[in-house]
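Notes follow the structure.
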Amino acid sequence: MERRHTDQGRIEDPGERARRLHSAFLTRALGESRDYPRIPRRREDEGGFDALRARANGAELAARWWAYALQRVEPWTDS
């Protein structure tokens, strides 16, 4: 498991790093006036993607959703 040192010198495990980066992204995204694609409110195993998965082209739509979402954000650098 990869561990990284933080600016404070302590070791950050991958889970901490992922949560920190996700939090930073959401904070920045919500503070902008850009229109980001919606994400279902329910988990997949609780039916969050049922409507999409029921469609014949659901996998294609999901792939397009991710392509659209990732095109609308600047490349992320972890500094």
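Read the figures in this text as sums done on the coordinates, not as results from a lab. All values reported here derive from a predicted model rather than from experimental measurement. No Cβ is skipped: glycine too gets one built from the backbone with ideal geometry, and neighbour counts run over all protein chains shown.
Details
- Inter-label distance, nm, simple model (7 Å from Cα along the C-beta direction), R42/D13: 3.2
- For W65, net neighbour charge (Lys/Arg +1, Asp/Glu -1) across residues whose Cβ lies under 13 Å away: +4
- Kirkwood radius and radius of gyration were both taken over the C-alpha atoms of region 8-48, and their ratio Rg/Rh is 1.13.
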